Amino acid sequence: MYTIYGIPNCGTVKKAIQWFDRNGLRYQFHNFQKQGVTAELLTNWAAQVGWESLINKNGTTWRKNKEVNEKKIQTEKGKTDLLSDQTSIIRRPLIAKGDKVMALGFQEDHYLATFL
């Protein structure tokens, strides 16, 4: 079973969930806002996709405190602390199967090749 990580009001997360539903794929939803995310999980994801891919610098949350956030991400601990505290900065949706990241964001071509 897949886990879709994100926040429920995110348009991109909604697209991914709708795509999974249309294609009959089983998943569980992990709501960052309610369930949070551990430093261990973030470190594992970053090892697979890289911190630059994991951090959404285009979002409102990042842009509101860009200078402060830029300073915080200078160390791995700073990155994990920032993303644990402000989960809306994590690029979403992140889709995993067990510990393996399968997709980051929504790209239908990638979903077709990966999940079907």
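Every number here is computed from the coordinates shown, using simple stated rules; none is lab data. Since the model is a prediction, treat every value here as computed from it, not as a measurement. Because the Cβ atoms are built from the backbone with ideal geometry, glycine has one as well, and the counts that use them run over all protein chains shown.
Okay, here's what the table says:
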| quantity | calculated |
| --- | --- |
| Residue that is surrounded by the most Cβ atoms within 10 Å (Cβ to Cβ) [pool: residues in segment 38-59 that are under 10 Å from Ile90 (Cβ atoms) and within 10 Å of the chain's Cα centre (by Cα)] | Trp45 |
| Condition check for Gln35: polar (S, T, N, Q), touching a strand residue (DSSP E or B) at 6+ places or on another chain (Cβ under 7 Å) and surrounded by fewer than 18 Cβ atoms within 10 Å (Cβ to Cβ) | no |
| Scope segment 66-116; condition within 24 Å of Lys14 (Cα to Cα) and charged (D, E, K, R); matching residues | Asp85, Arg91, Arg92, Lys97, Asp99, Lys100, Glu108, Asp109 |
| Answer residue from segment 12-38, given it is without any contact (Cβ under 8 Å) to a residue 60 or more places away in the chain and small (Gly, Ala, Ser) and is farthest from Lys97 (Cα to Cα) among those | Gly36 |
